[in-house]
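Single-structure report; data block below.
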Amino acid sequence: MNSLRRAFLAGLIALPVASCSAESRSAGPDLPQTAPNGAQDSRAAAYERNLYQVAQGGRYFTWYGCGSCHGRSAKGPLNLGDRVWVHGGALDQVYGFIAERHPGATAGYAARIPAEQLWQITAYVRNLPRLTPEKRRRQDLDQVGEPQGSNWTGPVR
């Protein structure tokens with residue numbers, strides 16, 4: 001076997017080993033159990049640069065009924081896709097607002113949504129301004145079959 005063919009075969013074998021980290025998933029003890037400790041929290045990259053985590057955040061965004069107020073046609077402060085966030089757009093600001101300072105009947109999500117899911121929702125929300133209208137529409141269509149939580153009040157205990 002010539003050296004070029006060996007190099008090609010070695011490359012094919014190495015592909016699965018060097019797979020894309022943008023979709024890596026973790027189910028171990030490294031999942032966050034606490035809120036971000038600032039705008040530069042080192043755990044942020046594991047969520048904001050990970051397509052799986054952002055997609056999960058989109059699912060939870062729909063599941064917990066966020067889209068009923070913050071959908072594609074939302075106007076003013078409710079429009080999360082316009083890059084104009086009244087309460088700040090840094091990671092810890094978005095997480096903190098969702099978890100603790102969200103007004104109305106949905107206040108206090110931190111008491112009802114696990115920390116990891118709040119991280120995922122935060123990653124999704126911070127990703128919304130980068131989505132084209134076509135991509136957002138596609139996500140909305142994909143999530144039609146997901147559980148909808150317009151009247152969600154928290155986990156059954």
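Quick query: amide H of A39 versus all other amide H atoms, modeled in the peptide plane; which residues come in under 5 Å with a sequence gap of 5 or more or a different chain? Amide H neighbours of A39: D92. Computed from phi, the 3J(HN,Hα) profile of region 83-89 under the Karplus parametrisation 6.51, -1.76, 1.60 (θ = phi - 60°) reads 6, 10, 10, 4, 9, x, x Hz, with x in place of Gly and Pro. With the convex hull drawn around the C-alpha atoms of region 36-145, the volume per residue stands at 101 Å³.
No lab work stands behind these numbers, since they all come straight from the coordinates. Since the structure is predicted, the reported quantities are computational estimates derived from the model, not experimental observations.
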